[in-house]
1. Just name the residue that is modelled with the lowest pLDDT out of those in region 116-152 that are within 20 Å of the chain's Cα centre (by Cα) and among the acidic types (D, E).
2. Between a residue in region 254-280 that is within 18 Å of Y155 (Cα to Cα) and in contact (Cβ under 8 Å) with a residue 60 or more places away in the chain and any residue that is part of a helix (DSSP H, G or I) and β-branched (V, I, T), which pairs come within a Cβ distance under 9 Å, given they are 6 or more apart or on different chains?
3. Would you pick out the residues in region 143-157 that are more than 14 Å from Y200 (Cα to Cα) and either in contact with a Gly (Cβ under 6 Å, 6 or more places away or on another chain) or assigned to a loop (DSSP other than H, G, I, E, B) (or both)?
4. Restricting to region 237-249, name every residue that is without any contact (Cβ under 8 Å) to a residue 60 or more places away in the chain and more than 12 Å from F147 (Cβ to Cβ).
5. In contact (Cβ under 8 Å) with a residue 60 or more places away in the chain and either not in a loop (DSSP other than H, G, I, E, B) or not assigned by TED's automatic domain parsing to the domain that holds A116 (or both), is that true of P234?
6. Going by the conditions given, is E115 closer than 22 Å to N158 by Cα, in the same structural domain as K197 (by TED's automatic domain parsing) and surrounded by fewer than 20 Cβ atoms within 10 Å (Cβ to Cβ)?
7. Would a scan of region 180-199 turn up a residue that is in contact with a strand residue (DSSP E or B) (Cβ under 6 Å, 6 or more places away or on another chain) and either surrounded by fewer than 16 Cβ atoms within 10 Å (Cβ to Cβ) or part of a loop (DSSP other than H, G, I, E, B) (or both)?
8. For a quick check of your reading: which helices (runs of 4 or more DSSP H) sit entirely within region 28-118 and have at least 3 residues that are of a type outside the set (F, W, Y) and either on the phi > 0 side of the Ramachandran plot or free of Cβ contacts under 8 Å to residues at least 40 places away in the same chain (or both)?
Amino acid sequence: MTLAAGRPLVSVVIPAYNAAAMIGDALRSVFAQTFTDFEVVVVDDGSTDDTARVVEALGAGVVRLIRQANRGPAAARNAGIAASTAPLIAFLDADDEWLPGKLELQTAYFAAHPEAALLHTATARAGDRQPEHEASRLAGEPPASVFCDLFHTDYDINTLTVMVRREAVEEAGGFDERREVHVEDWDLWLRIAARHKVGYLPVPTAVRRPGGGMSGDVEKTFRGQAAVIRKIEPICAQACSRHQQAFDACLRRRWYRFYWELGYARRRAGRRPAAAWAFLQAIARQPLAAGGWTQLAASVTGRRVAQAVRDVRTASPNPEPPSLLNHTIYRRTRRLISNHVHSADTLLHRARLGERRRILFEAASPMSFVIFRPVYERLRRDPRFEFWFTATGSAWEPTRLYEV
């Protein structure tokens, strides 16, 4: 770690607001890194407690402290980026911590994958015991195009695990400093993912403390999500393969999920009329989706009726929710034929291979294969197993991700 004139490889940017009780542990987790070619920039975003004093006491000579009037975390991160110098930037909130090997693992990944613009990892819970990982073994996972899944929130990026190339942040314009955006990190990762590939390491490199991260103001968070969705919509036509195939259907799916999640959050908070309104908005986007109707009924009738419905579904021999598509005569006939074909295929398989086991992997997206790959690589040469892969959609093929 350094404040010297030499340019480090990594800049660590920490925004802080009234974090005197927590920022000490965050800084100590940075100082404990096995990789040491980094600088630390802490931005005190108008704190009224002893945050600055704690930083000065712990980081004298090694931490650059910037003080500014309170402008929010996006402005604080942008100020930290502007004051830093390294080609790689890592973000840490004042109420979270890193594990000792984080920077070593991530810099090794960027060295192995120059095409990656952003890298994130899994997180751990406080108190979990973490295994040690060799950087060389984990640097081989390739980055992928994740914009679609990130936009539809089928894919999540934890900001405290992010390391990103400076040019990618500058090209995207940095964090949106408007207070109403609120989910400014998701917004920036989307703009970066629209142009570049994103890497992921399925091992924890950071510890999120209870109560850290996203604000407890649910309505503010959802207003911010809606603002980002509208902002990103024009980008989707070029960056999202789903948009290119069916623009209107893609947007309806995204807004359906937004209103479903808003309604669910409101119902859990006891705001049933507001929840019902949100579920009606979801149903307007996808009238045939059973989930919207189920949640609307629960919002109108209350918990007891909803619980009774869940009990009936659990006790039913077929707990799958009714679907206008899946319960047509065509679907039922096709399922019956498919079951007979699979049974016959299983008999042939046993006659041919004896006790060799088949493992069927059904993937929802290319990222599913990326996450599954370590298991596959370990078992692919085991004579006791045979792998079968299935996937949906025409935008990608499993054989492009694996040598099968």
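The values are calculated or read from the model by the stated rules, or taken from the named source; none is laboratory data. This is a predicted model, so every value here is computed, not measured. Virtual Cβ from ideal backbone geometry, glycine too; neighbours counted across all protein chains shown.
1. Top of the filtered list is E141.
2. R254/I229
3. Passing the criteria: H152, T153, D154.
4. If the condition is that a residue be without any contact (Cβ under 8 Å) to a residue 60 or more places away in the chain and more than 12 Å from F147 (Cβ to Cβ), then A246, F247, D248, A249 are the ones that fit.
5. When the stated conditions are applied, P234 does not pass them.
6. Numbers: closer than 22 Å to N158 by Cα: yes; in the same structural domain as K197 (by TED's automatic domain parsing): yes; surrounded by fewer than 20 Cβ atoms within 10 Å (Cβ to Cβ): yes.
It is true that E115 is closer than 22 Å to N158 by Cα, in the same structural domain as K197 (by TED's automatic domain parsing) and surrounded by fewer than 20 Cβ atoms within 10 Å (Cβ to Cβ).
7. Yes: region 180-199 contains one or more residues that are in contact with a strand residue (DSSP E or B) (Cβ under 6 Å, 6 or more places away or on another chain) and either surrounded by fewer than 16 Cβ atoms within 10 Å (Cβ to Cβ) or part of a loop (DSSP other than H, G, I, E, B) (or both).
8. 51-58, 102-112
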